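Just below is one structure, and these are the notes that go with it.
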Amino acid sequence: EGIKKIILKVSSEEELISFKKKAEKEKLVTSLIKDAGKTFFKEPTITCLANGPDEDKKIDKITSTLKLIN
């Protein structure tokens, strides 16, 4: 059945971490994803944040100010 995935953009790792803290405060399931640094990135790098699964309105409360990646 699958789960909806939406990709949004932040401007820095610090901003990504701040969204993680906001999600945790709202009791969302959340996880930072770290690239192993073996291909594009040359060292381990935090590349994204996964939020959910949860109700859309709970996730939107945290992420509604972010723009979609084209």
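The values are calculated or read from the model by the stated rules, or taken from the named source; none is laboratory data. Values in this document were obtained by computation on a predicted structure and should not be read as measured data. Note: ideal-geometry Cβ built from the backbone for every residue, glycine included; neighbour counts use all protein chains shown. Side chains are part of the model used for accessible areas, which takes the heavy atoms of the whole protein and leaves out ligands, DNA and RNA. Shrake-Rupley method; radii C 1.70, N 1.55, O 1.52, S 1.80 Å.
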Checked pairs for segment 50-70, first touching a residue at least 12 places away in the same chain (Cβ under 8 Å) and part of a loop (DSSP other than H, G, I, E, B), second open to solvent by less than 60 Å² (accessible area, probe 1.4 Å) and of a type in the set (A, V, I, L, M), C-beta under 7 Å and 6 or more apart or across chains, list as 52/28; 52/59; 54/28; 66/8; 66/10; 69/8
Does residue 38 meet the test of being among the charged types (D, E, K, R), part of a loop (DSSP other than H, G, I, E, B) and open to solvent by 80 Å² or more (accessible area, probe 1.4 Å)? yes
Failed item in (1) without any contact (Cβ under 8 Å) to a residue 60 or more places away in the chain; (2) within 14 Å of the chain's Cα centre (by Cα); (3) open to solvent by 60 Å² or more (accessible area, probe 1.4 Å), with residue 2 passing the rest: (2)
Scanning segment 8-29 residue by residue, those closer than 19 Å to residue 69 by Cβ and either in contact with a helix residue (DSSP H, G or I) (Cβ under 7 Å, 6 or more places away or on another chain) or in a helix (DSSP H, G or I) (or both) turn out to be 8, 10, 13, 14, 15, 16, 17, 18, 19, 20, 23
